[in-house]
Amino acid sequence: MEDIKLALRGIWSHKLRSVLTMLGIIIGIASIIAIVSTINGTNEQIKKNLIGDGSNAVKVSIYNQDYEMDFAVQQAPNGVKYIDDTLLAKIEKLEEVELACTYHNRNAYSNIFYQNTSLAGGTLIGSDMKYLEVYNYEISKGRGFSDADIASCKKVAIIDEKTAENIFPNAIAIGKIIEIEKEPFTVIGVMRKQDEFAPTINNIRDYYTYKTDYTSGTVLIPDSCWPTVYQFDEPHFVAVKAVDTDNMTAAGNKTAEVLNDYYKLDADTVYKGNSVMEQAKQIQALSESTNKQLVWIAAISLLVGGIGVVNIMLVSVTERTGEIGLRSVRASQKS
């Protein structure tokens, strides 16, 4: 207690010097905290801008020589069949995967009509019943697909709110008949994203990553009806919902490994996971050198503050050197 009292008296007797010393340390520590917090916040914002707040969904599709295959213009590779429930269950057992679904995908430039209105630039999805949950959709009106719809290849469709606005601007969509490749489908539901997300589009690569979000709308039909619409079978796309954002890349890669091991495709044609999480990591890696420089600058501020403290301590000790000697002499005389 005597030492503490002595220290407090020393601080109080040299107020300005004490305040300036503490200020150097406070600024150094605050700089470190502010810069590290900014770096972490920036990295999280990169993830949010690319991924959003919702589904953690990763698309796994067939690539040929680093290009995703488009079955509207390319022939499907030999040996790739429909993905059955057994294979899908194996994917869902992966540690990083919460849920998995299969679907078909086609950009519907001019083949979806309601009377004389075309859904130009829309997207057509042939999905199973898990697609809505994987991609974080909810039914806002009507109903979703049932087991009977899938099993009986019933010609029913679910549309998103954007589609409803485009082709049914002044009418109720439920119960209306739309034509898809001249095949009639009854609208049974309207869907919407549970968490709306507007991604940041900075370049053409970002546009193609999110181009499905900027179409005229999306239409879902049962995947069992896909051969009816397009007259032939196509390989499935797979979408997996990762357990969390950080596991998205691993979930996509491990799902691709399961599919490649099962189908044993050639070296040029393989399943790959298309994870925007990987893009987030690449952007973070580009800014890593800048982040390190900022940390070093903050560390220098802290070092300067420390040097100030050391300087003050040396001054204080120097000031008391004579006093220490006098007290030592008096103590010896008393003894």
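Work out the FRET efficiency for ASP266 and THR86 from their Cβ-Cβ distance, taking R0 = 25 Å, and round it to the nearest 0.05.
The pair ASP266/THR86 has a calculated efficiency of 0.55.
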Given the pairs LYS155/LYS241; LYS59/LYS155; LYS59/LYS193, which span a C-alpha to C-alpha distance of over 19 angstrom in this model? LYS155/LYS241; LYS59/LYS155
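Using the Kirkwood formula on the Cα atoms of region 87-133, what hydrodynamic radius do you get, in angstrom to one decimal?
Details: mean 1/r = 0.0780 Å⁻¹.
Mean inverse Cα-Cα distance, inverted, gives 12.8 Å.
Using a ≥ b ≥ c from the Cα gyration tensor of region 120-180 (square roots of the eigenvalues), is it rounded, prolate or oblate, where a/c under 1.5 gives rounded and otherwise the larger of a/b and b/c decides, a/b for prolate? Before the final figure, lay out each step's value.
Details: a/c = 1.64, a/b = 1.39, b/c = 1.18.
Note, shape of region 120-180 comes out prolate.
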From largest accessible area down, sort ARG9, ARG192, ARG17; use a 1.4 Å probe on the protein chains. ARG9, ARG192, ARG17
Residue-ordered couplings for region 222-237, obtained by feeding phi - 60° into the Karplus form 6.51 cos²θ - 1.76 cosθ + 1.60 and rounding to whole Hz (Gly and Pro as x), are x, 5, 5, 8, 4, x, 5, 6, 10, 6, 7, 7, 10, x, 7, 8
Among TYR67, TYR82, what's the order by accessible area (1.4 angstrom probe), most exposed first? TYR67, TYR82
Take the residue pairs LYS93/LYS162; LYS130/LYS254; LYS130/LYS154; LYS90/LYS130; LYS130/LYS162 and return only those whose Cα atoms are more than 25 Å apart. LYS93/LYS162
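Ordered by packing density, taken as the mean number of other Cβ atoms within 10 Å over each peptide's residues, highest first, how do 225-238, 117-130 rank?
On the way: 225-238: 18.4, 117-130: 20.0.
Final packing ranking: 117-130, 225-238.
The values are calculated or read from the model by the stated rules, or taken from the named source; none is laboratory data. Note that the structure is a prediction, hence the values are computed from the model and not measured. Because the Cβ atoms are built from the backbone with ideal geometry, glycine has one as well, and the counts that use them run over all protein chains shown. For accessibility, only protein heavy atoms count, side chains too; no ligands or nucleic acids. Shrake-Rupley method; radii C 1.70, N 1.55, O 1.52, S 1.80 Å.
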